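Asker: Submitted below is the structure of interest, expressed as structure tokens.
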Amino acid sequence: MMNNKFLGKGIVIISALSVAAIIASLIFILFEIYSGGRDYLTWEFITGYPKEGMTEGGIFPAIVGTVLLVLIMSVACVPIGTITAIYLNEYANKKSILTKIIRFGVNTLSGVPSIVFGLFGLGFFIQFVGTGMDKVFSEPGQLQWGQPNILWASMTMAFLTIPVVIVSVEESLKTVPDDLRAGGLALGATKWQTIRKIIIPNSINGILTGTILAIGRGAGEVAPILFTGAAYFLPNLPGKLTDQFMNLGYHIYVMATQSTDVEATKGIQYATAFVLLICTFSLSFIAIFVRYRFRQKIKS
Amino acid sequence: MLTKKKNNGNSLKRKFRLSEFLAEYTIKSVSFISLAVIVLIFVFVFREAAPIFFPKEKKINTEEFLQSETYGEEPSDSSASNSLEGYSSLNGSGDVADFKNLTGKDWQPVGENPKYGLIPIFIGSLKVTVIAILFGAPIAILAAIYSSLFANKKLREFIKPAIELLASFPSVVIGFFALITIATIIQNIFGVSYRLNAFVGGVAMALAVIPIVYTVTEDSLTAIPKYMSEASLALGATRWQTALFVVMPAATPGIFAALLLGFGRAFGETMIVLMATGNAPLTSFSIFEPVRTMSATVGAEMAEVVFGDTHYTVLFFIGVLLFIITFIINAIAEFYVRARLMKRFRGE
């Protein structure tokens, strides 16, 4: 029995230590990146353009590029994700094979490696859709849509983030009590009216959380945009959909691995990583908070 | 369900409403998009890799069109020659990606006699993934056990969001952290000759694997019916005995699923390995040598490749392999494990 007692204590202690290790590494990464970039984090860094061959200056174009990317992405992925979730939760017969196939598709989509999304963006959007559009709209021999640009990068990213939205919206649709559905229908509203006027307003939390999580994911992913539109350095901000763009994550990757003088820009790399980290971090923090508050509300 | 009941009532026959009809069918068709995307991904990644399987059916028109925007090198002679050789040569020499060349031991895509051997990069992917799982999974599973079985409610509500926050770390930031900090720490501890190696990549990858393994394990542990642990406690077992001998065995399929999903995630992850593993395509089993993974190969080389030539199609072929491998792993996790789990709850 003595041994057993030790074993029991041991398990509790080791598992507690694992939790501590995870949280410690979380804090360590944050601290390390903050302390590396602390001296460079100024207002000029956020709002300035890169100077002197990227060794000085700010990251404003990369921030704008990232924001534009996630905005265009959200326009595509939030409606598609929300509508799919509504179908799966409100219309679909849960036991039908069709529903199971769609659900399997969503699960599979969330497991596809992000680099494969990048290849897909290149093969589908640029080589197929873009080239096709050029044949129709552009003058012969001119490349306008059939090359990497912010639209195709955003669309690629949208496909990657659809499952994030679906999962989140579905979760909140499930918390809408059936009484509300029955009440709406009993008062003579049609199914679509019930969904539009009662169910969607009641699950707006989930749609919001899903959007925030998708934006956080889209802002952080680099692999899908490596060859669908991100650029190392551009003198101008993207003005139209066929422009390429700079991106925070891509900026870090290029500066840390491809730049000619990696040491000289180390501070800028840290500071850029910190800005990106704070963006994704605060977004998921808000999402977790909204969800938490929402759960509390449901319980009470 | 509710409308169906209403329809069955005699007096309440549903009128045909255009708006209802449109809403339902629009919603239904939009929800097929995610399914369609899966098919599209496979079709279009496969389409660009197709010349490997059918060397004769090279899409000449696409190629001509794209030659106008190649990076750097002049592509005309190389692609002309490789479509010729695609017809004739089966001896494995020249710029041809046939079975023999693809299963070779060397990955040297640039040069007079390019070699597209996938063995070293496959081993590279496997090596980093296994290190990540060995390193990350025990920590994640133990953490899940702690937060779902031992921790009190307040602590649990702190641990779960904290690990969700770790999941929100962009992989490029983890890669950067590995490149700068983890590599230095490991070099100081082990005194390795290559600063960036498979071990650094594996440790960094563990940070990406931990949240997913934790979440799935935690879910499957909390899904175990309460009566099982309550019965065990009522019989006089202690909390840890219950955890170890009752809850854990019941959740084994879920933990297995967590490992599979973690494996799939690590196998396909790109930015971390691209930045932290040194990217040398060596065939070795030492964990302290640089490796190049499949995903990193695509990420690093796609930007420099001539559109439509053999190297380009081989990179897309790697994409197809990555897609298929992760697809199979996820499908196993989904079907096999869920079926096992359900069976277990109903009583074998």
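Asker: Is at least one residue of the stretch A:194-204 free of Cβ contacts under 8 Å to residues at least 60 places away in the same chain, under 20 Å from the mean Cα position of the chain (by Cα) and in a helix (DSSP H, G or I)? Give the derivation first.
Answerer: Of the stretch A:194-204, the ones free of Cβ contacts under 8 Å to residues at least 60 places away in the same chain are A:194, A:196-198, A:201-204.
From what's left, under 20 Å from the mean Cα position of the chain (by Cα): A:204.
Retained after the next criterion (residues that are in a helix (DSSP H, G or I)): A:204.
Yes, the stretch A:194-204 contains at least one residue that is free of Cβ contacts under 8 Å to residues at least 60 places away in the same chain, under 20 Å from the mean Cα position of the chain (by Cα) and in a helix (DSSP H, G or I).
Asker: Regarding the stretch A:223-241, can at least one residue be identified that is within 30 Å of residue A:183 (Cβ to Cβ), more than 13 Å from chain B (Cβ to nearest Cβ) and among the aliphatic types (A, V, I, L, M)?
Answerer: Checking the stretch A:223-241: not a single residue is within 30 Å of residue A:183 (Cβ to Cβ), more than 13 Å from chain B (Cβ to nearest Cβ) and among the aliphatic types (A, V, I, L, M).
Asker: Here are the criteria: (1) out of contact with any Ser or Thr (no Cβ under 7 Å at 6 or more places or on another chain); (2) surrounded by fewer than 22 Cβ atoms within 10 Å (Cβ to Cβ); (3) aliphatic (A, V, I, L, M). Tell me which single one residue A:212 does not satisfy.
Answerer: All conditions are met except number (2).
Asker: What is the residue count in the stretch B:142-161 for residues that are at pLDDT below 90, under 18 Å from residue A:24 (Cβ atoms) and within 7 Å of chain A (Cβ to nearest Cβ)?
Answerer: The number of residues fulfilling the criteria is 1.
Asker: Can you tell which of A:132, A:146 is without any contact (Cβ under 8 Å) to a residue 24 or more places away in the chain and buried (at least 24 other Cβ atoms within 10 Å of the Cβ)?
Answerer: Values: A:132 fails: buried (at least 24 other Cβ atoms within 10 Å of the Cβ).
On inspection, the qualifying residue turns out to be A:146.
Asker: Can we say residue A:291 is buried (at least 19 other Cβ atoms within 10 Å of the Cβ), modelled with pLDDT under 90 and not in a loop (DSSP other than H, G, I, E, B)?
Answerer: Yes: the conditions hold for residue A:291.
Asker: Separate question: Mind listing whichever residues of the stretch B:291-310 are within 21 Å of residue B:271 (Cα to Cα) and part of a helix (DSSP H, G or I)?
Answerer: Result: B:294, B:295, B:296, B:297, B:298, B:299, B:300, B:301, B:302, B:303, B:304.
Asker: Being among the aromatic types (Phe, Trp, Tyr), on the phi < 0 side of the Ramachandran plot and crowded, with 20+ Cβ neighbours inside 10 Å narrows it down to one residue among A:91, A:40, A:49; which is it? First the steps, then the outcome.
Answerer: Values: A:91 fails: crowded, with 20+ Cβ neighbours inside 10 Å; A:49 fails: crowded, with 20+ Cβ neighbours inside 10 Å.
Only one candidate passes the filter, namely A:40.
Asker: Scanning for something over 27 Å from the mean Cα position of the chain (by Cα), at negative phi and not acidic (Asp, Glu), does the stretch B:29-49 turn up at least one residue?
Answerer: yes
Asker: Something else about it: Scan the stretch B:8-38 for residues that are assigned to a helix (DSSP H, G or I), surrounded by 11 or more Cβ atoms within 10 Å (Cβ to Cβ) and either within 7 Å of chain A (Cβ to nearest Cβ) or modelled with pLDDT under 85 (or both) and report the count.
Answerer: Number of matching residues: 12.
Asker: Report the residue count in the stretch A:126-139 for those that are polar (S, T, N, Q) and either within 24 Å of the chain's Cα centre (by Cα) or not in a loop (DSSP other than H, G, I, E, B) (or both).
Answerer: 2
Asker: Which condition breaks for residue A:124 when tested against (1) surrounded by 21 or more Cβ atoms within 10 Å (Cβ to Cβ); (2) under 28 Å from residue B:129 (Cα atoms); (3) without any contact (Cβ under 8 Å) to a residue 40 or more places away in the chain?
Answerer: Unmet condition: (2).
Asker: Test each condition in (1) in contact (Cβ under 8 Å) with a residue 60 or more places away in the chain; (2) away from every other protein chain (no Cβ under 12 Å) for residue A:187 and report the one that comes out false.
Answerer: Every listed condition holds for residue A:187 apart from (1).
Asker: Which condition breaks for residue A:142 when tested against (1) more than 10 Å from chain B (Cβ to nearest Cβ); (2) part of a loop (DSSP other than H, G, I, E, B)?
Answerer: So the condition that residue A:142 fails would be (1).
Asker: Scan B:172, B:203 and give me the residue that is under 20 Å from residue A:31 (Cβ atoms) and more than 7 Å from chain A (Cβ to nearest Cβ).
Answerer: None of the other options fit; the residue is B:203.
Asker: Across the stretch A:244-260, what is the number of residues that are touching a residue at least 24 places away in the same chain (Cβ under 8 Å) and at the interface with another protein chain (Cβ under 7 Å from one of its Cβ atoms)?
Answerer: Residues meeting the conditions: 3.
Asker: Mind listing whichever residues of the stretch A:32-58 are in a loop (DSSP other than H, G, I, E, B) and either within 14 Å of chain B (Cβ to nearest Cβ) or farther than 20 Å from residue A:258 by Cβ (or both)?
Answerer: Result: A:41, A:42, A:48.
Asker: Taking residue A:86 as the residue in question, decide whether it is more than 10 Å from every other protein chain (Cβ to nearest Cβ) and under 14 Å from residue B:32 (Cα atoms).
Answerer: no
Asker: Return the residues of the stretch B:249-263 that are closer than 20 Å to residue A:16 by Cβ and either facing chain A (nearest Cβ under 10 Å) or crowded, with 24+ Cβ neighbours inside 10 Å (or both); say none if nothing qualifies.
Answerer: Of all residues in the stretch B:249-263, those closer than 20 Å to residue A:16 by Cβ come to B:251, B:255, B:258.
Within the stretch B:249-263, B:251, B:258 qualify.
Asker: Just a yes or no: is a residue in the stretch B:215-236 away from every other protein chain (no Cβ under 14 Å), surrounded by 15 or more Cβ atoms within 10 Å (Cβ to Cβ) and closer than 22 Å to residue B:135 by Cβ?
Answerer: For the stretch B:215-236, residues away from every other protein chain (no Cβ under 14 Å), surrounded by 15 or more Cβ atoms within 10 Å (Cβ to Cβ) and closer than 22 Å to residue B:135 by Cβ: present.
Asker: Could you grab me the full set of residues in the stretch B:264-300 that are surrounded by fewer than 24 Cβ atoms within 10 Å (Cβ to Cβ) and more than 10 Å from every other protein chain (Cβ to nearest Cβ)?
Answerer: Hits for the stretch B:264-300 are B:278, B:280, B:281, B:282, B:283, B:284, B:285, B:286, B:287, B:288, B:289, B:290.
Asker: Out of curiosity, is residue B:216 within 20 Å of the chain's Cα centre (by Cα), without any contact (Cβ under 8 Å) to a residue 60 or more places away in the chain, farther than 23 Å from residue A:116 by Cα and in a helix (DSSP H, G or I)?
Answerer: Answer is yes for this residue.
The values are calculated or read from the model by the stated rules, or taken from the named source; none is laboratory data. Bear in mind the structure is a predicted one, so any value in this text is a computation, not a measurement. A quick note on method: Cβ atoms are made from the backbone with ideal geometry, for glycine too, and the neighbour counts reach across all protein chains shown.
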